[in-house]
1. What is the distance in Å between the Cα centres of the stretch 99-130 and the stretch 165-217?
2. Among Gly218, Ala35, Pro122, flag the residue with its Cα farthest along the positive direction of the charge dipole of the chain, charges on Cβ as +1 for Lys/Arg and -1 for Asp/Glu.
3. Just to be sure I understand: with springs between alpha-carbon atoms less than 10 Å apart, which residue in Asn158, Asn233, Asn305 has the highest mean-square fluctuation in the Gaussian network model of the chain?
4. Given springs between every Cα pair under 10 Å in a Gaussian network model of the chain, which of Leu188, Leu254, Leu81 has the largest fluctuation?
5. With equal scatterers on the alpha carbons only and no solvent term, can you work out the Debye log10 of I(q)/I(0) for the stretch 22-186 at 0.14, 0.20 1/Å?
6. Can you give the extra length, in nm with one decimal, that the chain gains between Lys128 and Glu261 once fully stretched, where that is 0.36 nm per residue apart less the Cα-Cα distance?
7. Nearest 5 is fine: what % of DSSP beta bridges in the stretch 22-186 come out antiparallel, could you say?
8. Pick from Gly248, Gly19, Gly110 the residue whose mean-square fluctuation is largest in a GNM of the chain, springs joining Cα atoms under 10 Å.
Amino acid sequence: MGMETVKPGGCPTKPLLVGVSAAIRGVVEIVDTVAESDCCVLIEGESGTGKELVARRLHAMSPRRGKPFIPVNCAGVSETLFESQFFGHVRGAFTGAEQSMLGLVRSAEGGTLFMDEVGEIPLNIQPKFLRVLQDGEVMPVGTSSPVPVDTRFIAATNRDLRADVRERHFREDLYYRLNVVRICLPALRERPEDISVLLDHFLAQCTKRYKRPAIHVGGDVRRQLAKYTWPGNVRELANWVERLYATGLEPRILTASLLDEAKESQIGGFDHLMSLEEAEHYAVVNALRSTHNNRTAAARILGINRATLLRKITQYQTV
C-alpha cells in the first residue's frame, strides 16, 4: 500500500490504497464514503494489512484533515498509566504527576485519535472510554469536572473482538459503540492479483529513496511471489522489496531465501530429508543472509573460496 504524502501547507493528501482486486476496491469505496462522517470506524485485519494507512486516509479525506492525527498502540500503554495517558491528569493527581497533561484524547482535539490494538484497552478502563464516546467529554485524573472534547475515534484490531465479547474480555456496549462502520482488510494471500501491482509500487518507492537504478523483477520471480502466502501481508512485501535495494541481492536469490524460510518454518527446521542440491542451495542463501551479503565472509562460513561462492550464486539464480 502507498505512503502518505504531504502538501507544502502541511495537510496530508489521501494515502494510496494500492491494488486492482475487487476486495481492495471495495475497501476504498467504503473508506471514501464514510470519511466525511464523524462516526466511529472499526478496522479489522491481520498485522501488516494496512490498518493505519486506512485510518490516515479516513482522516485526510475528512473535514478534520487540517487538525492532528494521533496514532497510539493500546498494547504499548501501561495498564497503570492508561487512564492518565488517554484522559490526562492534573498536577499532583498521583505520585510523579509534577505537571498537568492533556492526554491523547484532548491532544487530538478537532482531529482524529487512531487506537490500534483496541482490544488491549484494560477492562476496568473500558466503561470510562465508553463514556467519552457517548458524551463527548473526558474526566482527567485528579478532577471531578468533565472536559468537553471534539475528537473523532478510529479503532483497529487484528483480533476477533466478537470472540472477546463472548468471553467477556471486551465490553459488548463498547464494541458496538466503536463498530458503527466496520472495515475488514483482506490478507494479501486473499488478493494475489495485487501482489505484482504492489511490487511495482514499492520498487518505484525504493528506487527513489535509495537513489539507485530501478531493479527489474522478472516474470519467473513474480510468479513465485504470487504463490507465497505472505504471513506478514503488505508490510512483509514492502520489506522484501527494500531488502533488494539494501542488500544488492538478485531477486531470484532473495526469493529463494524467502521460500526457504517459509519451508523451514512449516517443517520445523532441519528434521527432514533434503537433496544435496537443496542443502547446498539453502546453505549459500543462509550464509549470504547472515553476513548481510558480505560474500567474503559468507565464503569463509561455508569453507569455500570466494570464486566458488560466486559460481554458486550464479548457479542458483536459475533455480
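1. Value for the Cα centre distance between the two parts: 24 Å.
2. Result: Gly218.
3. Comparing Asn158, Asn233, Asn305 in the GNM, the peak value goes to Asn305.
4. Leu81
5. Normalising to I(0) and taking log10 leaves -0.70, -1.36.
6. On the way: separation 133, 0.36 × 133 = 47.88 nm, distance 4.49 nm.
The span from Lys128 to Glu261 would gain 43.4 nm if fully extended.
7. Numbers: 3 of 21 bridges.
So the antiparallel bridges amount to about 15 percent of the total.
8. Gly248
Rule-based calculations on the coordinates, nothing more; no lab input. Because the structure is a prediction, the values reported are computed rather than measured. Note that each Cβ is placed from the backbone with ideal geometry, even for glycine, and that neighbours are counted across all protein chains shown.
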